[in-house]
Every structure is written in C-alpha cells, then in structure tokens.
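Worksheet: the structure to be examined is printed underneath.
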Amino acid sequence: MKLTTRTSRTLMATFAASAGLAIALTGCSSSTTPGGDTADDAIGVSLIVKTNSNPFFVAMQEGAKAAAEEDGVTLTLAAGKEDGDEDTQIQAIEAAISKGDKGILITPNGPAVLDAIEKARDAGIYVIALDTVPDPADAVDITFATDNYLAGEYIGEWTAAKLDGADAVIGLIDLFDDKAVSVDYNRDQGFLAGMGIDLADEQVNGDEESTGSYSGGSYEIVGNEASQGAEDGGRTAMENLLAKNPDINVVYTINEPAAYGAYQALEAAGKSDDDVLIVSIDGGCAGVGQVEEGIIDATSQQYPVKMAELGVQAIAELVNDGTKPETTDGLDFFNTGVALVTDQPVDGVESIDTAEAADLCWGGE
C-alpha cells in the first residue's frame, strides 16, 4: 500500500481506534435471530488462526469466543501447527465447507490457502481475513487488520529520532524467507520507510541498498533473517546477524516473541540494554511488560481481540439482515487501529506509555 503524509495516516489510525464496533454496513436479505437458532439455522463460523503457540492468536480466539456467545454464533476453532503451515489451514477451510458454515475468519498462513478460500466463497461462505491482508486483497470478502505499514513506520520514526544522528547498524528479523505475505513485508518496509531509508520494491524484503543515509545519519543493513514469528526463531536469527556483524545497534523484529528471542541472543553475546535498540510490533500484554522492563524499547500496538469481535459480528449481521461491512476509506481493508508504545518518548513522534498500553493490550477498547 502507498501512504501519503504522516498526518493523514495518524488521523486514519485514530479514526479506526475510536470506531469500535461502528462499521459502515450495506446490504439486503434476512435470516436468523441470535440466541434463537435451530440446528439447521445456526450461524456456523470457523476461526482459523496461524498457530496456537503465539499469544496474539490465542487472544484472538478468546475474543471470538466471547463475541460468538453474544451474537448467537456457533464457533469452530482451528490453527496451523506453526506459522506458515498452509496445509492444516486448507484442511480447516475444507471442513468448514463440508459442515456448511456461514462464515470463515482466517489469518492466512500464505498464498497457498487462496485456492481453498476461493472454493469456500464459491460455496456461499463469507470469508474475512484477520490481521493479514491477502494478496490480492479481494481474495477474501473483507479484511479486519492493523495498518501494518503504518505500524512499521511508527517504530521506524521513533528509532531514527532516538538515534539522534548516530550511525545505525541494523539487523532485520522478518517472518519468512521462503514466501511473501503482506504482514511481513509491510511491517519491514514500513520500519525502513519510517527511518527515512529509500525502498526498492515495497513488497520485497531485503532488496534496499545495504548502506546509505537515513533521516538522521548513516545506516548499514547487516541482513534479513527469518524467525517464523517464534521466540526460538528470533534467537537463532539474532545469532546469525551477530555472526555477520557484532556491532549491530538496531534490531527490528516482526513480532514480540521474535523480539524476546533476539534479546536472549544479545544478552548471551554480552550486549547490554544500552548497546542495542530493539523495536517490534504487536503490543500484547506480555510485550508491553517487556517494554516496561526495557527488553523491548518500543513497539506498535495492534488489537487482535477487536479484529475477531468485528469479524464474528459482521458474519452475524450478514446472516441476520444481509448487511455487509465496508473497508476504511482509502484502504483495501478495515483498519482496526495502531499506537506506538514506549516509555522513552521522543519529540515529534506520538506515543503512549506502558501504563496506558497495559489497559489496552490487544483489546483496543
């Protein structure tokens, strides 16, 4: 996605964060009433997340369960065995088709799931992506997600300001190195753009110039390493980056489990908290605690519980009276909001502290 000024992006994020459940709706038709479904009329929805090992997706499941109970939805939970496991997600989509679900909520593990999603839509199932906008975006009916590019820009802008003109020796810990998914390249590329580093292809990680100037000084990119979004993957990725250049002083990570793994590797290498800035994206309760402890210096907070709640509500609304959710103006998804979290604020970069973030973590209310 191509964004314009920071002001317009901030206004959009503020709107999304305050919008709550007020999605613009259109449509026709009718069906059941929540709480009064017969077995034949039940609103069946399958939530298919990337993995059960990441607290982000566990929170999403909990939010969906609460919303399903409120909206009279029969919810089925499924997950990949690990981040990137497309086969298990495909099996879950096929199961949803077989049992006649009205809707599917999915955090896609990769492009291979798109054929199965097309079959589900052909079968009359309304498919909503959560967290990760598929490529192309219209492979699903709608996506409820963070503006991941903007989330990356926030931590990039903070990092550049925090460095205050010092040379940046950067290690990038991404999600995958064998497939391209929007959440991966949008966060990575948004971070680099926020630092003022020129991008090549905005949908490709690792193709920018390895040396040059950022908005405050000079930079060197040591490399990109995949983590699979997991703690052990983040630790191994950081070890590999340190082997290439032990002088890394900026570490970007795709999410907070990877950030904590990177921190462990840095600690084992004798690096102190003052030696390296670690920035990430998620803003979960554990991650906010790590910011408070100084393990992570800044993170961008997103709201998976809201994504799940909105997804369940949208399918219930569609079945009950035919209304359909709409995307946020100017985007190809509905923006569920983002905020920069740090206890080290810098001039010119809007942020919230960990006390406020702890009240919001992953709920967004």
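The values are calculated or read from the model by the stated rules, or taken from the named source; none is laboratory data. Bear in mind that the values here come from a model prediction, so they are computed numbers and not experimental data. Note that each Cβ is placed from the backbone with ideal geometry, even for glycine, and that neighbours are counted across all protein chains shown.
Odds and ends about this structure:
- Single unsatisfied condition, E208 versus (1) touching a Leu at 6+ places or on another chain (Cβ under 8 Å); (2) assigned to a loop (DSSP other than H, G, I, E, B); (3) touching a residue at least 40 places away in the same chain (Cβ under 8 Å): (3)
- Taking strands (runs of 3 or more DSSP E) as the structural unit, those lying wholly within the range 263-365 and holding at least 1 residues that are touching a residue at least 40 places away in the same chain (Cβ under 8 Å) and either touching a His at 6+ places or on another chain (Cβ under 8 Å) or more than 19 Å from G152 (Cα to Cα) (or both) correspond to 323-325.
- Being within 16 Å of the chain's Cα centre (by Cα), assigned by TED's automatic domain parsing to the domain that holds I155, farther than 30 Å from V73 by Cα and modelled with pLDDT of 95 or more is a property that I352 lacks.
- Against the test of being in contact with a Leu (Cβ under 7 Å, 6 or more places away or on another chain) and under 27 Å from P345 (Cβ atoms), the options L199, L172, L130, L163 yield a single qualifying residue, L199.
- Among the conditions (1) surrounded by fewer than 24 Cβ atoms within 10 Å (Cβ to Cβ); (2) touching a strand residue (DSSP E or B) at 6+ places or on another chain (Cβ under 9 Å), A96 misses just one, which is (1).
- Qualifying positions in the range 307-365 - surrounded by fewer than 16 Cβ atoms within 10 Å (Cβ to Cβ) and either among the basic types (K, R) or on the phi > 0 side of the Ramachandran plot (or both): G322, G330, G348
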